[in-house]
1. Around Glu117, what is the net charge, scoring Lys/Arg as +1 and Asp/Glu as -1 over all other residues with Cβ under 9 Å from its Cβ?
2. Tell me the label-point distance for the pair Glu242, Asn120, using the 7 Å Cα-to-Cβ offset, in nm and rounded to one decimal.
3. Residues of region 202-234 with amide nitrogen under 14 Å from the 7 Å Cα-to-Cβ point of Ser139?
4. Under 18 Å from a label point 7 Å along Cα→Cβ of Arg232: give me every residue in region 121-159 with its amide N that close.
5. Tell me, Met244, Met108 in order of fewest to most beta-carbon neighbours within 10 Å?
6. Once amide H atoms are placed 1.01 Å from N in the peptide plane, what residues at a sequence separation of 5 or more from Val147, or on another chain, have their amide H within under 5 Å of its amide H?
7. Expressed as a fraction of 2.2 N^0.38 Å, the rule-of-thumb size for a compact globular protein of N residues, what is the C-alpha radius of gyration of region 134-255?
Amino acid sequence: MNSISDLDSDQFFKDIKSFIEYHKEYFTVSSATFTVSNKSKSIIFDNHNMYDMENKNKMNSEADESLDQRGLLMFLKDVNVNKCVKCKLSETRKNIVFGEGNPSSKLMFIGEAPGAEEDNTGRPFVGRAGQLLTKIIESINLKRDDVYIANIIKCRPPQNRNPYEEEIKQCSPFLKEQIKIIRPKIICTLGKFSTEFIIGTDKETISIVRGKEFNYDGITVIPTYHPSYLLRNPDAKRETWEDMKKIRDLYFKAT
Ligand code: URA
């Protein structure tokens, strides 16, 4: 009998695809990577559709559109981020905090790194600062589900310390990928670290850059204070409200 390594891997992948295609009603959102004789293929299932990550095309016979955003984010999370051990934060994390929200939102919020609540739940901005962020979002007549929320760092730094430069360097490609997939019209950076990363400056403090507009790859960037800062300095909420009004106008004008 042939061992798996004796099989023609292309034929093997073809058979797997046919099997999944035939039984696709049993598959919902998930992903799988098959490796045979050192060749790897990744497949994701989204809403009973199957996608081949190699050519990024739907493998359903009738469909030839590129992967949808939810599927791509799912794939990035399951296949890359969830397994990440690039830095030491992976040793102490309980959960990866990938990000959540509308995968095709016009508006994305970017924070710094998960705290204790986020680490426990695997969801961004669910602690005290998160509850304030939710209120801030609702103050411009949007719901949390309307926007996408992510952090630069996907694992909790111990004792909520500031992220190290090296950690930002290792982790930020995931955020860049998320931005590329979501393609928002507006990014609101929350606090010093995400603002520095997105607008590429470390020379000016957040209180100097907020109130101005920047550009990241064709996307309008509006920096504002981090909600944790607002909890400690409630007077700064007035300025954040000014930033949010600007975001609201851009959001409702954007097509
Ligand atoms: N602070 C952040 O920057 N991100 C979170 O997810 C929670 C708190």
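Coordinate-derived values only; no laboratory data. Only a predicted model underlies this, so the values are computations on that prediction, with no experimental measurement involved. No Cβ is skipped: glycine too gets one built from the backbone with ideal geometry, and neighbour counts run over all protein chains shown.
1. That works out to 0.
2. 3.7 nm
3. 211, 224-234
4. 127-133, 157-159
5. Met244, Met108
6. So Val147 has HN proximity to Asn102.
7. Rg over 2.2 N^0.38 Å, computed on Cα atoms: 1.04.
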